[in-house]
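Below: one structure, written as structure tokens.
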Amino acid sequence: LPSPRITLRHNLIRWRLTAAACLALALVVPGTAAAQTSAPSPSDPVQVVATTTVLADLVAQTGGALVSVSSLVPRGGEVHTFDPSPEDAFRLADADLIVMNGLGLDEWLRELIDVAGASSTPVIELAEDLPGVTYLASEAQGEEPHPGESPHADGTNPHLWLNVAYAQLYVDRIRDALAMVDPEHSADYAASSATYRDRLGVLDSEIRNQLAAIPAERRRVVSYHEAFPYFAAAYGLEIVSTLIQNPGQEPSAADLAALIEQIRAVGVSAIFAEGQFPEDLATTIAAEAGIPVVSGLHSDSVGDPPADTYEGMMRENHRLVVEALA
Ligand SMILES: [Zn+2]
């Protein structure tokens, strides 16, 4: 069987041809060509494409009305196993700025940029080499690194944003990138990011204070995939294990039996299930181990209102966690 990576490569080669044909077609239609090549006026919002809805929201909050941002992975979609389409390549081709997380979360973006012919568009990686971050190792068993891939791709857990203080660092980097592509408005980006940063500071204290109410012996949890280690480290939980090692890979019966044994042995309080993954596995294991499931947590994607922003999803997450564990 071909590996998923090889399949992706084949698809992208096919799409590259399709995309080239479509672009050629667009160039011979006068109206379309004119619309696509006209220089942006000073009042045009900066076009930003982010890989996930969480990152897109951080950009939207930082840039306000000066930016127009969209996410490649749709709300509720799964970033680790995302399968980009030719439309995604077109969206990248129109972007002034491309925003990704990095650390292996959204590595598929690199080939998509290539397909879109967008290699001259600035790309920022929000999680890479952030001063002040204590990076945590990834438990996922990655493939062998491929030539040209970041050496971090398989070694570091990429889910930094679930620590709100680290999301503030993402905001700083977004502010600087927006000021770089739109220097005229750098003072506006400084002002709006400062306001947003303050709100995130309030949120961080709120989560910290409320999770402080959870008794010490109730702080051990199992999560669905390895999204929560930075959240746990920041707010005093202990992630004992995960149900799956890599999104897209089913655990074996032996893995699950060992996990149930571990849950009983160390006294796990609950299993964290996540909105973008099916919850049946979590429900089955929790029933088997006799512990509750914390349902509908948001990790890699924002959810439905009021969890449709980063702040909203983090508020919902900590409310659910406190309800289940305190
Ligand atoms: Zn994830």
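Numbers for the structure displayed
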{"read-out": "With 10 Å bins from 0: P(r) over region 239-289, alpha-carbon pairs, percent", "value": "24, 63, 14"}
{"read-out": "Zone residues, region 74-105, relative to Ser120, backbone N less than 16 Å from point 7 Å out along Cα-to-Cβ", "value": "93-98"}
{"read-out": "FRET efficiency, Asp172 to Ser68 (Cβ-Cβ, R0 35 Å, nearest 0.05)", "value": "0.95"}
{"read-out": "Karplus (6.51, -1.76, 1.60) ³J(HN,Hα), θ = phi - 60°, over region 279-286, in Hz, Gly and Pro reported as x", "value": "9, 5, 5, 4, 4, 4, 5, 5"}
{"read-out": "Over region 227-325: Kirkwood hydrodynamic radius from C-alpha pairwise inverse distances, Å", "value": "14.1 Å"}
{"read-out": "Kirkwood hydrodynamic radius of region 184-278, from inverse mean 1/r over distinct Cα pairs, in Å", "value": "15.8 Å"}
{"read-out": "Near-label residues of region 53-87 by backbone N, under 17 Å of a point 7 Å along Cα→Cβ of Leu130", "value": "53-63"}
{"read-out": "Whether region 149-230 is rounded, prolate or oblate, judged on the alpha carbon gyration tensor where a/c under 1.5 counts as rounded", "value": "oblate"}
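The numbers here are math on the coordinates, done by the rules we state, and not lab data. Only a predicted model underlies this, so the values are computations on that prediction, with no experimental measurement involved. Here the Cβ is made from the backbone with ideal geometry for all residues, glycine too, and neighbour counts use every protein chain on show.
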